[in-house]
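Notes follow the structure.
The values are calculated or read from the model by the stated rules, or taken from the named source; none is laboratory data. Not measured: the values here are computed from a predicted model. Every residue, glycine among them, receives a Cβ derived from its backbone with ideal geometry; neighbour counts consider all protein chains shown. Quick note on the areas: whole protein, heavy atoms, side chains included, nothing else; ligands and nucleic acids left out. Shrake-Rupley method; radii C 1.70, N 1.55, O 1.52, S 1.80 Å.
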Amino acid sequence: MSFERFVQSALSSWMNEDGPDTDIVLSSRVRLARNFKDFTFPTVFSDEEGQEVIELIKKEFAGKKISECGQLELLEMDSLEPLHKRVLVEKHLISPNLASDSSFGACLLSDNEKVSIMINEEDHIRIQCLAPGLQLTEVLQMANHIDDLVEETVDYAYDEERGYLTSCPTNVGTGLRASVMMHLPGLVLTQQLNQIIPAMNQLGLVVRGTYGEGSEALGNIFQISNQITLGKSEKDIVNDLTSVVQQIIAQERSSRNALAKTSHIQLEDRIYRSFGTLINARIIESKEAATCISDVRLGIDLGYIDSISKTILNELMILTQPGFLQKYAGGPLQAYERDIRRASLIRERLKLEKNENS
Amino acid sequence: MMLCQECNQMPATLHFTKFINGEKNEIHICEKCAQEMGEVYINQAGQGFSFNNLLSGLLNIEPIFQSSTASAKPKTEELRCKRCNLSFKEFVHVGKFGCEDCYKTFDNQLNPILKRVHSGNTAHIGKIPSRMGDTIHLRKQVAQLKEVLKDLIEKEEFEKAAEIRDEIRSLEKQNDRHVDGGPQS
């Protein structure tokens, strides 16, 4: 397979679509947690029940067409290669728990990978919908549509007072987790994010690094999501998150402009050094790669670099993860080999840009 | 020296134990691999641990509050869900329910937990499944109208009150029809 085709097939097709505010918001996501009335939750269920849930899903939903998103394909965790599962995790289509710890775990994935329904994770089903840019309302609509389709054939565990009943009390009520992935180099460089995070926590929102561990965010990419699922309507949860995200977008833009004004030459130097590293490095660790990719994306957004497409950040953040590197290499790699492979993948990807533009 | 189980090259400097469904899983890796796998491993485990610890912490506060009424404590611990057999003690340990009936079994213990996790909220406002929805909508409407009725009677606005009363009656009739038609809840 040519490198170009590898990249195309590796990425979700929606990632090449444009959306509102894609310069700062990489993607919007909504997840609805639901359980079936007739079965105990996956946290305790018997093998027979797990099997029955899968059979029910297979019968009713495998191969079903969802408008605009294509067919749903059923992927059963037990029959997938470990590397395939890892790649699905790296694309955020399934959770690490579903990949490694679930019994009778499966996933219904739509052709365009905008819809991923996890089965027998912590809850019987978790409907997840994704879209590029800030489109939480649209994504919620899509998830609601699928939710209604499922409810036509299955009785949900629902209580008039508590709402949708989930394994974990942190999800009960709406079962809704809405989140956005944001690229915030301006707020990190100007050290404003440290002040914003506590304020967001007070509003019932959670901020965490999407890649990497703990509070340190690889590539200045942060995930912001709602904490509260009970006592607030779906619409309010999504609207509140959207309005906070819009404020953060405005602050990120103004801090980028301030940086470009006050430290123009330092910023330009930083961006081109990172660009040089990506073009030339023969060995590169994930952390350094993420930093350089973030710098280059900032350079594109601010107009310093115009020869590279904007999707480079989303693409390379996904492609340079261990699972993808090993898929690209066609076999398992040790950490040191991965760093070499990562550098060569980045160089090839950037060469592709040059060819397209010349 | 223990080698990293991932790359088998570097010394394993990070050691942690994962408990999943009571199954113990020991992981020994080097920092480099840990960093690489950050999302898949450390972060996930970290989140799981801290969240469970937090939740257990929250739940464990209960017995302290209840300790003045000595009889309450053992009762709560012994509480067990008839459908899935999960005990309250086990719930506190894993932080997860086993079935929908757990919500009824542990109803008395639930409000303080939900209040802490959901900023003081204990009741659902939001989507109602459409098939079971009709009767729920009606009942909620009736409950609201009854409040209005009480208010009107207190204010001695009897004419308006009579209108509301008739509205409630017609809604309750509709509700009866629904219940007769569908499964009894």
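Taking region A:207-289, which chymotrypsin sites (Phe, Trp or Tyr not before Pro) meet the DSSP loop condition and have no more than 10 other C-beta atoms within 10 Å?
Working: sites: A:Tyr211, A:Phe222, A:Tyr272, A:Phe275; in loops: A:Tyr211.
Sparse-neighbourhood loop chymotrypsin sites (Phe, Trp or Tyr not before Pro): none present.
Given a Förster radius of 22 Å and the C-beta distance between A:His84 and A:Ser9 as r, what FRET efficiency does 1/(1 + (r/R0)^6) yield to the nearest 0.05?
Numbers: r = 13 Å, r/R0 = 0.57.
It comes to 0.95.
Can you spot the lysines whose alpha carbon is less than 29 Å from B:Lys32's alpha carbon? Ignore those fewer than 8 places along the same chain.
A:Lys85, A:Lys91, A:Lys287, A:Lys327, A:Lys351, B:Lys18, B:Lys24
Computed on protein heavy atoms with a 1.4 Å probe, what is the summed buried accessible area for the chain pair A and B, in Å² to the nearest 100?
Working: alone 16710 and 14150 Å², together 25770 Å².
In total, chains A and B hide about 5100 Å² from solvent.
All other residues with a Cβ under 12 Å from the Cβ of A:Glu161 taken together, and with Lys, Arg as +1 and Asp, Glu as -1, what is their net charge?
Values: positive: A:Arg162, B:Lys104, B:Arg139, B:Lys140; negative: A:Asp159, A:Glu160, B:Asp107.
Around A:Glu161, the charge tally is +1.
Taking chain A as the reference, fit the longest principal axis to its C-alpha atoms, fit the long axis of helix A:335-357 to the helix C-alpha atoms, and give the angle between the two in degrees, 0 to 90, nearest 10.
Helix A:335-357 sits at roughly 70 degrees to that axis.
At 1.4 Å probe radius, can you tell me the per residue accessible area of chain A in Å²? Before the final figure, lay out each step's value.
Values: 14220 Å² over 358 residues.
With all protein chains present, chain A gives 40 Å² per residue.
Nearest 10 degrees is fine. How inclined is helix A:286-301 to the longest principal axis of chain A, computing both from alpha carbons?
70
Do the sum for chain A: with -39,500 (n - 2.57) for every DSSP H run of n ≥ 4, divided by all residues, what is the mean residue ellipticity at 222 nm, to the nearest 500 deg cm²/dmol? Please list the in-between numbers first.
Numbers: 13 runs with 172 residues, N = 358.
Result for chain A: -15500 deg cm²/dmol, rounded to the nearest 500.
Carbon and sulfur: what percent of region A:1-92's accessible surface (1.4 Å probe)?
Numbers: 1990 of 4420 Å².
Using a 1.4 Å probe with all protein chains present, region A:1-92 comes out at 45 percent carbon and sulfur.
Just name one of A:Ser103, B:Leu149, A:His92: the one whose Cα is farthest towards the positive end of the charge dipole of the protein assembly as shown (beta-carbon charges, Lys/Arg +1, Asp/Glu -1).
Selected residue: A:His92.
How crowded by other chains is A:306-315, given as the mean number of beta carbons from other chains within 10 Å of each beta carbon?
Numbers: counts 0, 0, 0, 0, 0, 0, 0, 0, 0, 0.
Average neighbour count from other chains, rounded to a whole number: 0.
Tell me the accessible surface of A:Val115 in square angstrom (1.4 angstrom probe, heavy atoms of protein chains only), to the nearest ten.
0
Quick one: compute the contact order of chain A, relative version, from alpha carbon pairs under 8 angstrom and 6+ residues apart, as a percent. Walk me through the numbers before you get to the answer.
Numbers: 595 pairs, mean separation 65.0, N = 358.
Relative contact order of chain A: 18 percent.
For the protein assembly as shown, just run the numbers: alpha carbon Rg, then divide by 2.2 N^0.38 Å, N being how many residues it has.
Working: Rg = 25.9 Å, N = 543, 2.2 N^0.38 = 24.1 Å.
Relative to the rule-of-thumb radius for its length, the protein assembly as shown sits at 1.07.
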